[in-house]
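Contents: one structure, followed by commentary.
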Amino acid sequence: MLKLNQMRSLLVFVLSFFLLTPLFGSEIMKEEAIAYREKGYKLQAMGDFVQALSYYQKAIQIDPHYVEVLNDLGVVYENLGDDECALKMYEESLRLNPHYLPAHTNLAFFYERKGNINKATQHWVRRYELGEEGEYWREVAYQHLLRLGTYPEAKKKWLEKAAARLSQEVMYKREQERLKIIEEAKLHFDIGKKMFMRGDYAQALKELGIAGDINPPDENLKVKIFDLYKKSFRMQKKAEAVASTQDALNYLQSDSLISAGDKLKDALRAVLQVAQERIGE
């Protein structure tokens, strides 16, 4: 006779066998349904709707709740000209899963083809609202709703997008203009800086004056232009004072006293201009 522990083990084995067998069988059947669907889909893609239909029917017989296959059947029936069966398949697909997006898309196209704009709108709206931002078919739904003109929200969003796009374009244009002004001012500033380093203060003042007149929308650049302009002005006036003083000495040596006096006045005027400019700081 079997011992008590052995009987228990046997009982657990028997129960497990009967409980797990349906689960294993179910999984095998699901895999078989998936395989039939894949074969049907390949044939559908090749345009062989009749053979595709036979495989989809096999798949749905195995798994009557196979939402994707119900939608596939709707597509095939529609291509075979059986709108009644196509409609039933699409609706059954959505009855089992109201959020199944491909069925909403197909029904929207179906009703649009039939001229039923209200129902087409209902499914395009569902496809649009359930979709994700940036998704291709969501954008398709949006474009159809916009074209049909039966969903005010689509028009509103279109206007919002258009306004945002226009605003971005204006901002981009303004930024480009701003950068262009800054670039132009910086070009004259760089030339002025080179002239300053070479000791050509007159030319430096000319270039820096142009840069300042451009009035670039860059406060840091404005400060640099202004500072270098002041330095160039001082150096230019000092150079003028030195040159006028030297000319005055030359005139004195040649006994041209009046000319020497005029040159001394010029030198003094240049020195006073520098002094006044410093006082104004």
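Taking (1) within 28 Å of Val50 (Cβ to Cβ); (2) at pLDDT below 90 in turn, Leu146 satisfies each apart from (1). Among the residues in the stretch 189-210, are any of a type in the set (Gly, Ala, Ser), at pLDDT 85 or above, outside any helix (DSSP H, G or I) and surrounded by fewer than 16 Cβ atoms within 10 Å (Cβ to Cβ)? Yes, there is a match, as at least one residue in the stretch 189-210 is of a type in the set (Gly, Ala, Ser), at pLDDT 85 or above, outside any helix (DSSP H, G or I) and surrounded by fewer than 16 Cβ atoms within 10 Å (Cβ to Cβ).
Being assigned to a loop (DSSP other than H, G, I, E, B) and out of contact with any helix residue (DSSP H, G or I) (no Cβ under 8 Å at 6 or more places or on another chain) is the filter here, so list the residues in the stretch 118-141 that pass it. Please lay out each step first, then the result.
If we filter the stretch 118-141 for residues that are assigned to a loop (DSSP other than H, G, I, E, B), which is where we start, we get 131-135.
Scanning the stretch 118-141 gives Glu133, Gly134, Glu135.
The single condition among (1) under 30 Å from His123 (Cβ atoms); (2) modelled with pLDDT of 85 or more; (3) exposed (fewer than 11 other Cβ atoms within 10 Å of the Cβ); (4) not small (Gly, Ala, Ser) that Glu160 does not satisfy is (2).
Of everything in the stretch 50-77 that is of a type in the set (S, T, N, Q) and either in contact with a strand residue (DSSP E or B) (Cβ under 7 Å, 6 or more places away or on another chain) or farther than 24 Å from Tyr111 by Cβ (or both), the residue that is surrounded by the fewest Cβ atoms within 10 Å (Cβ to Cβ) is Gln61.
The values are calculated or read from the model by the stated rules, or taken from the named source; none is laboratory data. Given the structure is predicted, the values throughout are model-derived calculations rather than measurements. Every residue, glycine as well, gets a Cβ built from its backbone with ideal geometry; the counts of neighbours run over all protein chains shown.
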